[in-house]
Amino acid sequence: MGKNHASTQDILRVEHVNNYYTKGGLGILKKAEANQVLHDVSLTIGNDEFFGLVGESGCGKSTLANAILGLIPFEGTIEVAGHAHKTTDRKEFTRHIQAVFQDPLSALNPRRTIGETMREPLMAHGIGSRQEQDRKIAKMLETVGLDASYADRYPKELSGGQRQRVCIGAALILEPDLIIADEAISALDVSVGSQILNLFNTIDVERDFSMLFISHNLNVVYYLCDRIAVMYKGYIVEQGTADAVYNHPGHPYTRLLLSAIPDMQEENDREKELLEKFKAPVAGACAYYHRCPYASDHCHKKPDLVNIAGRGEPEHLVRCWMPTLFDPAGVKEPGMEGGKV
Amino acid sequence: MSENILEIKDLTLGVTERDGSMAVAVDHISFEVRAGEILGIVGESGCGKSLTVMSLMGLLREDVKALEGQILFQGEDLLAVSEERRREINGKDMSIIYQEPMTSLNPLMRIERQVAEPLRLHGSYSREELHQKALALLTEVGIQDPEACLRAYPHQLSGGMRQRVMIAMATICSPRILLADEPTTALDVTTQAHVLDLLKRINREYGTAILFISHDLGVINRICDRVLVMYAGKIVEAGTNRDILDAPCHEYTRGLIRSIPTRDRKGKELPSIPGRVPSVEDPKEPCPFAPRCRRAMEICHREAPACTRIDQDHIACCHLC
């Protein structure tokens, strides 16, 4: 390692996390087969930083979120504000980390008013008298752009965007260090989704919290986040500042994702990068080998993450044998500088 | 001017409320689908785009009624035809693909039977012919191992493959028009790109007209020739891709385009549209967008705007256009 991972500034530290699920394990005659979902995932999120995680369905992004939230077992180390799951009480842990999910309707209890839902975390942690809680709830509702009178309403009386605002408010009310937003705007209409993005930005100015923002939409992640990681089949294949990953992608998969986003430019302006060459998979090869148009025999071995950033620049990691293939102005020979992580 | 395959005139759809009254969900919309074109309908949830498409297929829910208007398919009013005639048309001349292919495919039937079903119903083919046709079509829609796919059940296929199967099923009778209701929304971006390319190829090679519904302006831009923008049951703007995306006139279209995060908007506040999408029960305004419009004038709350022709295909319904 040897990077500045031990810095006290880090709100989230994920180190060498692996996760497996077993399938076909039912019945005594069937043999359980372990499938690895997360492969040696490491990342850190700094204080007040918005970190974006992108990838296609099944790449492991929600599994990572669930591991960080402590909802599923994993191997490796995960620490939130210096607290590890294994050594911290579950209740204490929830003061540091909260989540916002995709579908706000299923996240809210239909039989409780918004106020009751938002009071629950305060009650559980014994924070404040009833009056103080009322004040906190009213203030939080205003922070997320709702009128204090919404405390007496039920979820069904609210629109999708308003419900998501309530979920964000309920997540923030304990003043956690880290919010995990898993596809938090994917289910919303375009005009409402952009309101929520603006809301995250405004709250960010007012309050001190970090966020792991998970999405399949690279445009949204680039818009909101300071740093981005791209996942493919359980591996982080690229990680760096939003600008580096979005504007100077090093991994062929990131380039594919970027070129696949339908934009509003005229058709002929668009870079036709969408060449995928499906090959027969090779055991032990790079995870992206069978789709990669640039793959060679060299790729029959698994690549490590390599830092392609120049000296003094923020880290830009790419998991590829040819990490500077697309950026000749980038750096020197592959694998030479910027040690492995 | 090319011929129109489908002409919708003053179509009005009502939804029965719990108290028995009728709420207007689609309000006097008129448009045409021209031969060989891809026409997009863009709008947010509840704007009536899906109801419109379902009414074209004659598949409206029990509580939704066509109150007024005509749907002319090659001169025949589909709102007035018998159920037998409807069954002749559906799947043969006109077919549909939906957002979630898993819920449209029968989980207990092998792909082969499902793909060949429209042919079996609308023609007389031998078993071998059906097999060959299904096989050819699956190859056509880009399935790697079509023989294996024909033998598979839906749960054994990936989301992208299922949608390709749906497209094969919908096009096996060479329909004149294909309706597509958010067909790529549930797919990953890369799979979405491939499915869009496939639909475009079917359109260009066989001249199948496509009515394509989406909430994503980027997707609309990638596939459509012309676009209708719907808001609260009305068509508020219509035009070619370039009319709508480069020179939008209606404030809703403009707001929608502005609120999408793009490369050059990082670090800036997104100029989002305030308020929320109105629901069917909400009281009707003369201009449905007026309550959220930042340029609304006094007249907008008093009088419904007329639709102005701005360019050959470009129409906008706004007092300011």
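The values are calculated or read from the model by the stated rules, or taken from the named source; none is laboratory data. The shown structure was predicted, so the numbers you read here are calculated from the model rather than taken from an experiment. Here the Cβ positions follow ideal geometry from the backbone for every residue, glycine too, while neighbour counts run over all protein chains shown. Side chains are part of the model used for accessible areas, which takes the heavy atoms of the whole protein and leaves out ligands, DNA and RNA. Shrake-Rupley method; radii C 1.70, N 1.55, O 1.52, S 1.80 Å.
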Check: With springs only between Cα atoms under 10 Å, which of A:210, A:149, A:194 fluctuates most in a Gaussian network model of chain A?
Finding: A:149
Notebook entry, point to check: For the pair residue A:48 and residue A:313, how long in nm is the line joining their label points, each one 7 Å along Cα→Cβ?
Noted result: 2.6 nm
Check: Could you give the nm distance between label points at residue A:205 and residue B:21, where each point is 7 Å from its Cα heading toward the beta carbon?
Finding: 4.2 nm
Next item on the list: Could you tell me how many degrees, from 0 to 90 and to the nearest 10, lie between the Cα long axis of helix A:190-206 and the main elongation axis, the longest principal axis, of the Cα atoms of chain A?
Entry: 80 degrees
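Over chain B, what is the mean sequence separation of C-alpha contacts under 8 Å (at least six apart), divided by residue count, expressed as relative contact order in percent? If you can, show how the numbers build up before the last one.
Details: 581 pairs, mean separation 66.8, N = 321.
RCO, chain B: 21 percent.
Which trypsin sites (Lys or Arg not before Pro) in segment B:56-89 pass both tests, a DSSP loop state and at most 16 other beta-carbon atoms within 10 Å? It would help to have the intermediate numbers written out before the result.
Details: sites: B:61, B:65, B:85, B:86, B:87; in loops: B:61.
Taking segment B:56-89 and a limit of 16 other Cβ atoms within 10 Å, the loop trypsin sites (Lys or Arg not before Pro) found are B:61.
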Check: Measuring from a point 7 Å past the Cα of residue A:325 along Cα-to-C-beta, which residues in segment A:55-76 have an amide N at less than 15 Å?
Finding: none
Notebook entry, point to check: Which semi-axis lengths, in whole Å and largest first, follow from the square roots of five times the eigenvalues of the Cα gyration tensor of segment A:108-171?
Noted result: 18, 12, 10
Check: In Å, what is the Rg of the alpha-carbon atoms in chain B, and how long is Dmax?
Finding: 20.6, 68
Item checked: Around residue B:25: net Lys/Arg minus Asp/Glu count, Cβ-Cβ under 13 Å -> -1
Note to self: Solvent-accessible area of residue A:152, probe 1.4 Å, all protein chains present, reported in Å² to the nearest ten, please.
What the structure shows: 120 Å²
Check: Percent relative contact order of segment B:106-226, based on C-alpha pairs within less than 8 angstrom and at least six residues apart?
Finding: 25 percent
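Rg over Rh of the protein assembly as shown, using C-alpha atoms and the Kirkwood radius, what does it come to? Kindly include the intermediate steps, with their values, before the conclusion.
On the way: Rg = 26.5 Å, Rh = 27.2 Å.
With Rh from the inverse mean 1/r over Cα pairs, Rg/Rh is 0.98.
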Check: When chain A is treated as a GNM, springs tying every alpha-carbon pair under 10 Å, which of A:162, A:131, A:195 comes out with the largest mean-square fluctuation?
Finding: A:131
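Which of the peptides A:233-246, B:9-22 is most tightly packed, and how do the rest follow, going by the mean number of other Cβ atoms within 10 Å of each residue?
Details: A:233-246: 23.0, B:9-22: 14.3.
Highest to lowest by the protection proxy: A:233-246, B:9-22.
I want the antiparallel fraction of DSSP beta bridges within chain A, as a percent rounded to 5. Numbers along the way, then the final one.
Values: 29 of 47 bridges.
Taking every DSSP beta bridge within chain A, about 60 percent pair in antiparallel fashion.
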Notebook entry, point to check: Over 26 Å between Cα atoms, which of A:233/B:49; B:9/B:92; A:156/B:284 qualify?
Noted result: A:233/B:49
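Just to confirm the filter: which trypsin sites (Lys or Arg not before Pro) across segment A:44-144 are DSSP coil and have at most 11 other Cβ within 10 angstrom of their Cβ? Walk me through the numbers before you get to the answer.
Working: sites: A:61, A:86, A:90, A:91, A:95, A:111, A:112, A:119, A:130, A:135, A:136, A:139; in loops: A:95, A:111, A:112.
When the trypsin sites (Lys or Arg not before Pro) of segment A:44-144 are filtered for loop state and at most 11 Cβ neighbours within 10 Å, A:111 remain.
Going by average Cβ density within 10 Å per residue, which order do the peptides B:158-171, B:251-264 take, highest to lowest? Show your work: numbers first, answer last.
On the way: B:158-171: 23.1, B:251-264: 19.5.
By packing density, highest mean first, the sequence is B:158-171, B:251-264.
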Note to self: Test of understanding: in a Gaussian network model of chain B with alpha carbons linked when under 10 Å, which of B:83, B:237, B:298 would top the mean-square fluctuation ranking?
What the structure shows: B:298
Note to self: In Å and on Cα atoms, what radius of gyration and Dmax does chain A show?
What the structure shows: 21.6, 68
Item checked: Non-local Lys pairs in segment A:11-124, i.e. 8 or more apart or on different chains, that have alpha carbons under 27 Å apart -> 5
Note to self: If the only charges are +1 at each Lys and Arg Cβ and -1 at each Asp and Glu Cβ, what is the size of the charge dipole of the protein assembly as shown around the Cα centre, to the nearest 20 debye?
What the structure shows: 1300 debye
Notebook entry, point to check: In nm, to one decimal, how far is the modelled label at residue A:294 from the one at residue B:247, with both set 7 Å along Cα→Cβ?
Noted result: 4.1 nm
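Mind giving me the FRET efficiency for residue A:302 and residue B:144? R0 is 25 Å, r the Cβ-Cβ distance, nearest 0.05 is fine. Spell out each step's value before the answer.
On the way: r = 25 Å, r/R0 = 1.00.
Result of the calculation: an efficiency of 0.50.
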Check: Other chains' Cβ within 10 Å of B:261-268 residues: what's the mean?
Finding: 6
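Please state the charge dipole magnitude for segment A:108-171, taken about the Cα centre, from unit charges on C-beta atoms (+1 on K and R, -1 on D and E), reported in debye and rounded to the nearest 20. Before the final figure, lay out the partial values.
Details: 11 positive and 8 negative charges, 27 e Å.
Charge dipole, segment A:108-171, about its Cα centre: 120 debye, nearest 20.
Give me the extension gain from residue A:266 to residue A:135: residue separation times 0.36 nm, minus the current Cα-Cα distance, reported in nm with one decimal.
On the way: separation 131, 0.36 × 131 = 47.16 nm, distance 5.13 nm.
Length gained, residue A:266 through residue A:135: 42.0 nm.
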Check: Tell me, what is the FRET efficiency for residue B:126 and residue B:35 to the nearest 0.05, using R0 = 25 angstrom and their Cβ-Cβ distance as r?
Finding: 0.15
Item checked: Given charges at Cβ of Lys, Arg, Asp, Glu: chain A dipole, positive-most of A:55, A:257, A:314 -> A:55
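Report, in deg cm²/dmol and to the nearest 500, the calculated mean residue ellipticity at 222 nm for chain A, where each DSSP H run with n ≥ 4 adds -39500 (n - 2.57) and the sum is divided by the residue count.
Values: 10 runs with 95 residues, N = 341.
Computed mean residue ellipticity for chain A: -8000 deg cm²/dmol.
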Item checked: Virtual paramagnetic centre 7 Å along Cα→Cβ of residue A:123, amide N under 15 Å, in segment A:142-176 -> A:152
Margin query: Calculate the FRET efficiency for residue B:197 and residue A:20 from the Cβ-Cβ distance with a Förster distance of 35 Å, rounded to the nearest 0.05.
Written below: 0.45
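Counting Lys +1, Arg +1, Asp -1, Glu -1, what net charge surrounds residue B:273 among other residues with beta carbon under 10 Å of its beta carbon? Intermediate results must be reported in sequence, preceding the final value.
Details: positive: B:254, B:258, B:276, B:292, B:294; negative: A:189, B:44, B:251.
Local net charge: +2.
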